[in-house]
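Inspection log for the structure reproduced underneath, given as structure tokens.
The values are calculated or read from the model by the stated rules, or taken from the named source; none is laboratory data. Predicted model only: the values in this text are computed from it and were never measured. For neighbour counting, all protein chains shown are included, and Cβ atoms are generated from backbone atoms with ideal geometry for every residue, glycine included. Ligands, DNA and RNA are stripped out before the accessible areas are found, and what is left, the full protein with its side chains, is counted by its heavy atoms. Shrake-Rupley method; radii C 1.70, N 1.55, O 1.52, S 1.80 Å.
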Amino acid sequence: KRPPSIPGARLTSMADVRFAEMISKIAHELRSPLTSVKGFSSTLVKRWDKFTDEQRYQFVKTIHADAERMARVVSEVVDLARIEAGRLELHRSAAHLRSIAERAASNVASLVGSERVVISVSDDLSAWADTERLEHVLTNIVENAVKFSDDGPVEVSAHPTGEGMVEVAVADEGVGIAPDRLPAVFDGPAPRGGRTTPAGSGLGLYLSRRLVEAHGGTIGADSELGRGSTFTLSLPAQEGRGS
């Protein structure tokens, strides 16, 4: 016998399905750091006297890093909602690219392999961008690069294109992305049951694309299985470009 239907519970369109997948991915992005925060904080509360000062410091450092990660996810979800509603406001200025790259590297410092991040950006390069949003974009891409490469550098580089734009690239020597997956890495969460790839959940890269496009820029990726990936952002280098 078929169970009674619940009014409003059926997903009636692809948009509904995509929204449900998005919510699932957001929950996934928050669950891991939240579990870490709960575990480490509970251990400290129950067994404080069992640890040395250095051990306590490492626990608190991990809790802080995971709390920062959750805060970034929440901020990005809010931005995504604003983009979808057409209400995103960018606060542009001359965004110092080396400083932004350094903060992105710092944001992933708790990940195994984060010490492999190499920043090759000169001090005189800037983009005409919202500094906070650009930091979110670079953090997402650097995080993916670290997670999906076991060795070799993760290099963040940048250079002007000579056309009023500046390119920022993040290159790794990781597992790479399958050719049939590559065209869709910025399209959002894959359907349920889709294969896991270095694109991660898909949420961060989807938001990154939308933020870069809101700046009047572009984002793309080149990859080869077993050889690594390079993600490239093209952004206005001066006021008035891409607006």
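In region 149-189, what residues are of a type in the set (Val, Ile, Thr) and either open to solvent by 20 Å² or more (accessible area, probe 1.4 Å) or under 18 Å from the mean Cα position of the chain (by Cα) (or both)?
Across region 149-189, the qualifying residues are VAL154, VAL156, THR161, VAL168, VAL170, VAL175, ILE177, VAL185.
Can you work out which of the residues in region 60-101 that are β-branched (Val, Ile, Thr) and under 15 Å from the mean Cα position of the chain (by Cα) is modelled with the highest pLDDT? Break it down into steps so the answer makes sense when it comes.
So the first thing to find is which residues in region 60-101 are β-branched (Val, Ile, Thr), and the list is 60, 62-63, 73-74, 77-78, 83, 100.
Now drop any that are not under 15 Å from the mean Cα position of the chain (by Cα), which leaves 73-74, 77-78, 100.
Values: VAL73: 80, VAL74: 84, VAL77: 81, VAL78: 82, ILE100: 97.
Restricting to residues being β-branched (Val, Ile, Thr) and under 15 Å from the mean Cα position of the chain (by Cα), the top hit is ILE100.
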>> Only one of ALA145, ALA158, ALA178 is within 18 Å of ALA127 (Cα to Cα) and aliphatic (A, V, I, L, M). Can you tell me which?
In response: ALA158
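Does GLU135 qualify as being in contact with a strand residue (DSSP E or B) (Cβ under 8 Å, 6 or more places away or on another chain), surrounded by 17 or more Cβ atoms within 10 Å (Cβ to Cβ) and charged (D, E, K, R)? Reasoning before the result, please.
Numbers: in contact with a strand residue (DSSP E or B) (Cβ under 8 Å, 6 or more places away or on another chain): no; surrounded by 17 or more Cβ atoms within 10 Å (Cβ to Cβ): yes; charged (D, E, K, R): yes.
Criteria not met by GLU135.
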> Given the residues PRO189, PRO153, which is the only one that is modelled with pLDDT of 90 or more and of a type outside the set (D, E, K, R)?
Replying inline: PRO153
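Of all the residues that make up region 80-103, how many are open to solvent by less than 30 Å² (accessible area, probe 1.4 Å) and within 23 Å of ALA237 (Cα to Cα)?
Within region 80-103, the first condition is being open to solvent by less than 30 Å² (accessible area, probe 1.4 Å), and the residues that meet it are 80, 83, 95, 97, 100-101.
From what's left, within 23 Å of ALA237 (Cα to Cα): 83, 95, 97, 100-101.
Residues in region 80-103 being open to solvent by less than 30 Å² (accessible area, probe 1.4 Å) and within 23 Å of ALA237 (Cα to Cα): 5 in total.
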>> Quick check on my filter: what residues within region 205-221 are open to solvent by 40 Å² or more (accessible area, probe 1.4 Å) and at pLDDT 95 or above?
In response: THR218
